[in-house]
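The values are calculated or read from the model by the stated rules, or taken from the named source; none is laboratory data. Model, not experiment: these values are computed from the prediction. Here the Cβ positions follow ideal geometry from the backbone for every residue, glycine too, while neighbour counts run over all protein chains shown.
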Amino acid sequence: MKSLLLFLLLPFSIFGQSTFLFVGTYTEGKPDNGIFVFEFNTKTGTAKQVSTGKDLTNPSFLTLSPNGQFLYSCTDTKLPKHGNVTAFKIDSTNGNISFINKQSAMGENPVYVSVNKLSNIIINANYTEGNISVYKTNADGSVNTACQTIQFTDSSIVKNRQDKSHIHSAVFSQDNNYVFFTDLGADKIRVFEFNANDEKPLTEKKEWNVNTVPGSGPRHLTFHPNGKFAYCIEELSGTVSAYSYKNGKLDSIQRTNSYATIQDAYSCSDIHISPDGLFLYASNRGENTISIFSIDINTGKLKRIANQSTFGEHPRSFLIENSGKFLLVANAGSDNIVVFKRDIKTGLLTKAKDEISVPRPSCLKMQKYGN
C-alpha cells in the first residue's frame, strides 16, 4: 500500500509527461530574469517554478513553435529603439530554456510573434513602428535576418492612440495560407497571402482588408476551431466583433460589448475560444474582468453570459489549458497569475485556491510534452 501511495504522488514528468507554463514579463526596461517557466499540474491547477530566462529586457510577448521545441519572444519592447526577436531552445524534460540567438525586430516595440505550422517562418508585429517583419528560421531554431519588412502609414480618429498605424497582432489562418494583422492605429484588419517557399512570403490582399468601426482599435484576432468564424477584440471601444470566414475573407456578422459596465476609457486586451468551440473569453483592463460569451456554432454569434473578476489589476493576457478545465489570467498590474477552474458545460469560472506570483506578467503560453 505504501509503495502504491508513493507511486501516485510522483510528478507526471517522471513518467515522461509534463506541462510547462511560460510567462513573459516587463522588466522595467532593465535586464532581468524576464521569462519564468513553471511546471503546471493539469489535475490540481497548481504550478511550480522550474526555470527562468536571464538577462532579458521586457520579453513581453512569447510564442511557441508548433513542434514545441523552441520559444520565440519579443524582447527590448517599449524602449525608444528597435526591439528584437529572440529565440530559445526548450528542454522538454525539465522546462529549462537556453538562448539561441536574436535578430532586430526592424522597428520599435515588437508586441506579437507568430510561427507557421512548419516552424520555419516567424512573423513579427511592431506596434510603435507600425510595421511587420518576416524571418526564416533554421533547423536548430535560430532566426535569420529579416527577409521581408512592410511599413504601414494609415491613421484613424482617436488622438494619441491612432496617429499612425500600430500593428498589434499577426495571426495565421488555420490552413496557414493567410496572415491577418490587426492595426489598432488605422482601424483595419490587414489580410496577406502567405507562402513559406517564396523569398518574400507575404503578399497583401488589399481588397480583402477589413475596415473596422472608426475608433474601435482592433487588437487581437482568433479563429473558431470549426474554421468558419473569426473574432476580434477591439481595445479602444471595449467590444468584440464576430466575422464569418472563408478562404482569406472576413465578413462582419456581429459586434457586441465586452465590458459589463460603462467606462470612461476602454482597454480590452486578449481573446481566446474554448477547445470545444462553445465559449469565447475576453480580458478587460480597467474593469479587470474576463467576459464570458456563449457561441452559436451555427451562426457564429455571441451572447455574453458573465463577467468574471480577475482578482487582480490589468489583465493583459490569459490562456485556456488544452483540456479546457483551467483558465489562467496574467494580471500585469498586481504581479499575479490567477488560476480558474472552468465549467466545461456552462463556461463559467471559479477561482482556484492557489495563485502564481510573478512580477509584471504580460504573456502566457503553455505546452504539454510527453505521452
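Pick out the one residue from 234, 193 that is of a type in the set (D, E, K, R), out of contact with any Cys (no Cβ under 6 Å at 6 or more places or on another chain) and under 19 Å from residue 271 (Cα atoms).
Among 234, 193, only 234 is of a type in the set (D, E, K, R), out of contact with any Cys (no Cβ under 6 Å at 6 or more places or on another chain) and under 19 Å from residue 271 (Cα atoms).
Go through the range 358-371 residue by residue and tally those that are polar (S, T, N, Q) and either under 20 Å from the mean Cα position of the chain (by Cα) or closer than 14 Å to residue 270 by Cβ (or both).
2
Give the residues of the range 309-323 that are within 22 Å of residue 225 (Cβ to Cβ) and either in contact with a strand residue (DSSP E or B) (Cβ under 7 Å, 6 or more places away or on another chain) or crowded, with 22+ Cβ neighbours inside 10 Å (or both), sorted by residue number.
Result: 317, 318, 319, 320, 321, 322.
Can residue 338 be described as closer than 22 Å to residue 44 by Cα and touching a Lys or Arg at 6+ places or on another chain (Cβ under 7 Å)?
In short, yes.
Criterion first (in a loop (DSSP other than H, G, I, E, B), surrounded by fewer than 15 Cβ atoms within 10 Å (Cβ to Cβ) and in contact with a Lys or Arg (Cβ under 7 Å, 6 or more places away or on another chain)) does residue 153 satisfy it?
yes
Only one of these is within 19 Å of the chain's Cα centre (by Cα) and closer than 22 Å to residue 203 by Cα: 73, 133. Name it.
None of the others qualify; the one that does is 133.
Just wondering, is there one or more residues in the range 41-58 that are under 22 Å from residue 138 (Cα atoms) and buried (at least 23 other Cβ atoms within 10 Å of the Cβ)?
Scanning the range 41-58, I find at least one residue that is under 22 Å from residue 138 (Cα atoms) and buried (at least 23 other Cβ atoms within 10 Å of the Cβ), so the answer is yes.
Given the residues 231, 266, 281, which is the only one that is under 27 Å from residue 329 (Cα atoms), at pLDDT 95 or above and not in a strand (DSSP E or B)?
Just one listed residue meets the conditions, 266.
Filter the range 98-114 down to the residues that are in a strand (DSSP E or B) and crowded, with 21+ Cβ neighbours inside 10 Å and list them by number.
105, 106, 107, 110, 111, 112, 113
So the check is Cβ under 9 Å with 6+ separation or different chains; which pairs have a first residue in the range 187-198 that's surrounded by fewer than 20 Cβ atoms within 10 Å (Cβ to Cβ) and a second one that's β-branched (Val, Ile, Thr)?
193/179; 193/203; 195/203; 196/121
Counting just the residues of the range 177-186 that are part of a loop (DSSP other than H, G, I, E, B) and either more than 16 Å from the chain's Cα centre (by Cα) or in contact (Cβ under 8 Å) with a residue 60 or more places away in the chain (or both), which one comes out nearest to residue 211 (Cα to Cα)?
Out of the qualifying residues, it is 186.
Within the range 159-172, identify whether any single residue is out of contact with any strand residue (DSSP E or B) (no Cβ under 7 Å at 6 or more places or on another chain), assigned to a loop (DSSP other than H, G, I, E, B), touching a residue at least 24 places away in the same chain (Cβ under 8 Å) and surrounded by fewer than 22 Cβ atoms within 10 Å (Cβ to Cβ), and answer yes or no.
Checked against the condition, which is being out of contact with any strand residue (DSSP E or B) (no Cβ under 7 Å at 6 or more places or on another chain), assigned to a loop (DSSP other than H, G, I, E, B), touching a residue at least 24 places away in the same chain (Cβ under 8 Å) and surrounded by fewer than 22 Cβ atoms within 10 Å (Cβ to Cβ), the range 159-172 yields at least one hit.
Scan the range 70-91 for residues that are in a loop (DSSP other than H, G, I, E, B), surrounded by fewer than 24 Cβ atoms within 10 Å (Cβ to Cβ) and either of a type outside the set (Lys, Arg) or touching a Phe, Trp or Tyr at 6+ places or on another chain (Cβ under 9 Å) (or both) and report the count.
Summing the residues that are in a loop (DSSP other than H, G, I, E, B), surrounded by fewer than 24 Cβ atoms within 10 Å (Cβ to Cβ) and either of a type outside the set (Lys, Arg) or touching a Phe, Trp or Tyr at 6+ places or on another chain (Cβ under 9 Å) (or both) in the range 70-91 gives 4.
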